[in-house]
1. Considering only residues of region 226-245 that are within 16 Å of the ligand (Cβ to nearest atom) and open to solvent by 30 Å² or more (accessible area, probe 1.4 Å), which is nearest to Pro2 (Cα to Cα)?
2. Residues in region 194-205: is at least one of a type outside the set (A, V, I, L, M), in a loop (DSSP other than H, G, I, E, B), open to solvent by 50 Å² or more (accessible area, probe 1.4 Å) and in contact with a Lys or Arg (Cβ under 9 Å, 6 or more places away or on another chain)?
3. May I ask you to say which residue of Arg153, Arg148 is open to solvent by 50 Å² or more (accessible area, probe 1.4 Å), in contact with a Phe, Trp or Tyr (Cβ under 7 Å, 6 or more places away or on another chain) and either away from the ligand (no atom under 14 Å from the Cβ) or touching a residue at least 24 places away in the same chain (Cβ under 8 Å) (or both)?
4. Restricted to region 64-94, and to residues that are within 16 Å of the ligand (Cβ to nearest atom) and outside any strand (DSSP E or B), which residue is surrounded by the most Cβ atoms within 10 Å (Cβ to Cβ)?
5. Just checking, which of Asp84, Asp20, Asp4, Asp65 is among the acidic types (Asp, Glu) and in contact with a Gly (Cβ under 6 Å, 6 or more places away or on another chain)?
6. How many of the residues making up region 181-211 are within 14 Å of the ligand (Cβ to nearest atom), over 18 Å from Thr5 (Cβ atoms) and touching a strand residue (DSSP E or B) at 6+ places or on another chain (Cβ under 9 Å)?
7. Checking Gly159 against (1) more than 16 Å from the ligand (Cβ to nearest atom); (2) buried (at least 22 other Cβ atoms within 10 Å of the Cβ); (3) not hydrophobic (A, V, I, L, M, F, W, C): exactly one of these is not met. Which one?
8. Is it fair to say Gly61 is open to solvent by less than 30 Å² (accessible area, probe 1.4 Å), within 26 Å of Ala102 (Cα to Cα) and within 19 Å of the chain's Cα centre (by Cα)?
Amino acid sequence: MPRDTAKQRIVFPLDFPSADQACRFVDRLSGRVGLFKVGLELFISAGATVIDRIHRSGQAGIFLDLKLHDIPVTVERAMDRIADLGVGLATVHCGENPAMLAAAMAGSRGRVKVLGVTVLTSVAAEHLRPAGLGPPWVHDLPELVAKRASMARAAGLSGVVCSGLEAGLIKSRFGADFLAVTPGIRPMGEGAAGRDDQERIVTPAGAIQNGADYLVIGRPIRDAADPCQAADRIAAEIRTALAAG
Ligand code: C5P
């Protein structure tokens, strides 16, 4: 999955209820983004055959984002099936047990890069205590992200999903080769309404400046009056940030 050009850094989530709707966006955005992300909504409605359809119509990689979280043997067997689908990236939650991450790696058989989901970008610091976490994490969410990333690194994963706000921390702790894939991207000027359900948001330029490798950008493209224009505008912002860096 190359990331030499600005548009290759963009991951567009195909968050649609049917393969037909998703593939209409694949046709429109092919050549404008680097990866198409298939998540739970599309995978549940369309099944694994949608992967082949996207492969046939899109000139982009595929990221299968099922965010696995289960006992190790179940994760290993699920990842083993994912490894046969020909996707470039897949996800597992870092969770609470390193054995789940080791199982994901075993199942991947080196055929798909595995990313660990650290702390969802829809989570803010004030959500941690009600979720059962205590000090020091409740006072330092980035450190919780780094803690989970260290589990992912130790298990041999290729990188993590984190917010663009934490990408710099991930790169400085775990090295340039450890991927930071960042959702929660909101272009400047979207305002509070544009946050949707995301909490830890950052602009495309901000994520790149912090060292993010790939930026997951959904609703700012999907819901724009002209999605192609929105993707091109974001790519231009990324290009400028890359040139400045
Ligand atoms: O840009 P937007 O908010 O629409 O992006 C939503 C997408 O980002 C969804 O596909 C969701 O699964 C993904 N996401 C993620 N990890 C997070 C937050 C969102 O993969 N931490």
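The values are calculated or read from the model by the stated rules, or taken from the named source; none is laboratory data. What you are looking at is a predicted structure, and each value in this text was computed from that prediction instead of being measured. Counting neighbours? That spans all protein chains shown, and the Cβs are built from the backbone with ideal geometry, glycine included. Surface areas here come from the heavy atoms of the whole protein model, side chains and all, with no ligands, DNA or RNA. Shrake-Rupley method; radii C 1.70, N 1.55, O 1.52, S 1.80 Å.
1. In this case the residue turns out to be Glu237.
2. Checking region 194-205: at least one residue is of a type outside the set (A, V, I, L, M), in a loop (DSSP other than H, G, I, E, B), open to solvent by 50 Å² or more (accessible area, probe 1.4 Å) and in contact with a Lys or Arg (Cβ under 9 Å, 6 or more places away or on another chain).
3. Details: Arg148 fails: in contact with a Phe, Trp or Tyr (Cβ under 7 Å, 6 or more places away or on another chain).
Exactly one residue qualifies, and that residue is Arg153.
4. Cys94
5. Details: Asp84 fails: in contact with a Gly (Cβ under 6 Å, 6 or more places away or on another chain); Asp20 fails: in contact with a Gly (Cβ under 6 Å, 6 or more places away or on another chain); Asp4 fails: in contact with a Gly (Cβ under 6 Å, 6 or more places away or on another chain).
One residue alone meets the criteria, Asp65.
6. 7
7. Result: Gly159 passes all but (1).
8. Values: open to solvent by less than 30 Å² (accessible area, probe 1.4 Å): yes; within 26 Å of Ala102 (Cα to Cα): yes; within 19 Å of the chain's Cα centre (by Cα): yes.
Answer is yes for this residue.
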